[in-house]
Amino acid sequence: MPQLISSKYINDKTVFLTLKCGENDSAFFIQQFSEQNDIDQVIVFRDTKSNSLNKVTYVERASGFFGPINFPLRILQMWKHRKLNPVLIAGIYEIPHGLIAVIFAAILNKPSVVSIIGNPAYAKLRKGLRMKLTMWILRKASYVTVTGSSSKNFLITKGLPENKIWILPNTMDFSGFTRQKAKDKKYDIISLGRLSEEKKVDQIIRVIAKLKKSYPNLKAAIGGTGPEKDKLHQFSNELGLNDTIDFLGFVPDDTLPGFLASGRIFLLTSETEGFPRTIIQAASCGAAIVASKVGDMTDVIDHEKNGFLVERWDDTLLYVKYTKILLDNPNIAEQYVEKLDAKVRIQFDNAQAMKVWKDIITETKSTI
């Protein structure tokens, strides 16, 4: 395909990035590009501006456009900025942003990267026509990033070349996330996430109900909001747990570390995950982890060494067993906490993700 950009822009070092994500997640992705020495500017195509960052320019969605119009609008916005001559066009999440990235990259004959932030093997979401479109997007992309080794291995079984799949750590800023002494913790069990069907928060409530029989004074908190909120409140009420579980709703970023530090055990029972940042955050705040063995969880949780993993998300009794071990043996819980905290602060430091992007950008430049 012929190059459509004037040659006078050929020395520019620009990345186009299209994404949605929440404010903090967006900032992490954007920062990983903007702090690259080999990049002069990052043009972010997003519905609204995110954090103000050096070298970053936002192209927001025009007011009055919504729904199906968003897709061609985003392509048009990118076309208007084509003379900036991006060295890479990145889309965070396959549909629609990955699709936008690969289509516009094909128009400009430029490399593209699609970042998968969920679990590519989750059959309930990625099936039928959606799965076919997803795989088309991933095959057209020059590079694909995933959150861990299980996701990478799954895509290899789907026929994607191993050398185009990169593991991108789901990194975070650890400042402000500190451990709290066990004796100062308000809750025995905490959890945090979207209250949606695939998160199986009802399973957390079942586990708490069973634990309550052995620990009458058990106290738990569930943070987050979502479409299952009313259903979960009702279920908790039916099990007589109104005085046991605090439903906290949305937990703001400024109170998040304090909430995570208030729990002895962080419980995750999701049917699917890529790699949830909440696990990293909870570990860095001193909560021991009991989680379903889904997505890329095994990349950080070493079963019975720094946490517990449950093979099947619906195995209520195994969640109860592992949680009891931690409640009854504070020394084991503290050992797990120390090991996991040390591991995540190295493995998920933002510098690790920046290195992955640097290697991808270096490789793309050799192809232009």
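Descriptive notes on the structure:
- Restricting attention to segment 288-316, the residues that are small (Gly, Ala, Ser) and within 20 Å of Gly118 (Cβ to Cβ) total 3.
- Residue match in segment 298-305 (condition: modelled with pLDDT of 95 or more, within 23 Å of the chain's Cα centre (by Cα) and among the aliphatic types (A, V, I, L, M)): yes
- Residue match in segment 4-16 (condition: loosely packed, with under 13 Cβ neighbours inside 10 Å, modelled with pLDDT of 80 or more and at negative phi): no
- Test for Asn170: is it over 27 Å from Asp254 (Cα atoms) and either buried (at least 16 other Cβ atoms within 10 Å of the Cβ) or not assigned by TED's automatic domain parsing to the domain that holds Glu334 (or both): no
- Some residue of segment 119-127 being outside the structural domain of Lys343 (by TED's automatic domain parsing), assigned to a helix (DSSP H, G or I) and among the hydrophobic types (A, V, I, L, M, F, W, C): no
- Filter result for the condition that a residue is within 14 Å of the chain's Cα centre (by Cα) and either free of Cβ contacts under 8 Å to residues at least 24 places away in the same chain or in the same structural domain as Val207 (by TED's automatic domain parsing) (or both), over Ile289, Ile265, Ile279: Ile279
- Only a single criterion out of (1) modelled with pLDDT of 90 or more; (2) more than 21 Å from the chain's Cα centre (by Cα) is not satisfied by Glu94, namely (2).
- Lone qualifier among Ile208, Ile245, Ile204 - being modelled with pLDDT of 95 or more, under 23 Å from the mean Cα position of the chain (by Cα) and crowded, with 22+ Cβ neighbours inside 10 Å: Ile204
- Those helices (runs of 4 or more DSSP H) lying entirely in segment 138-255 with at least 3 residues hydrophobic (A, V, I, L, M, F, W, C): 149-157, 201-214
- Residue in segment 330-348 that is modelled with pLDDT of 95 or more, of a type in the set (Ser, Thr, Tyr) and farther than 17 Å from Ala283 by Cβ present: no
- Test: residue in segment 357-368 that is modelled with pLDDT of 95 or more, crowded, with 16+ Cβ neighbours inside 10 Å and in contact with a Ser or Thr (Cβ under 9 Å, 6 or more places away or on another chain): no
- All of Ser150, Ser142, Ser196 fail the test of being assigned by TED's automatic domain parsing to the domain that holds Pro276 and either touching a residue at least 24 places away in the same chain (Cβ under 8 Å) or surrounded by 14 or more Cβ atoms within 10 Å (Cβ to Cβ) (or both), apart from Ser196.
- So Arg264, is it at pLDDT 95 or above, closer than 15 Å to Ser191 by Cα and crowded, with 17+ Cβ neighbours inside 10 Å: yes
- Filter pass, Tyr187 being modelled with pLDDT of 95 or more, closer than 17 Å to Ser284 by Cα, more than 24 Å from the chain's Cα centre (by Cα) and not assigned by TED's automatic domain parsing to the domain that holds Ile30: yes
- Any hit, segment 315-329, residues being surrounded by fewer than 21 Cβ atoms within 10 Å (Cβ to Cβ), under 27 Å from Tyr93 (Cβ atoms) and either out of contact with any strand residue (DSSP E or B) (no Cβ under 9 Å at 6 or more places or on another chain) or without any contact (Cβ under 8 Å) to a residue 24 or more places away in the chain (or both): no
The values are calculated or read from the model by the stated rules, or taken from the named source; none is laboratory data. Quick caveat: nothing in here was measured; it's all calculated off a predicted structure. Neighbour counts run over all protein chains shown; Cβ positions are idealised from the backbone, glycine included.
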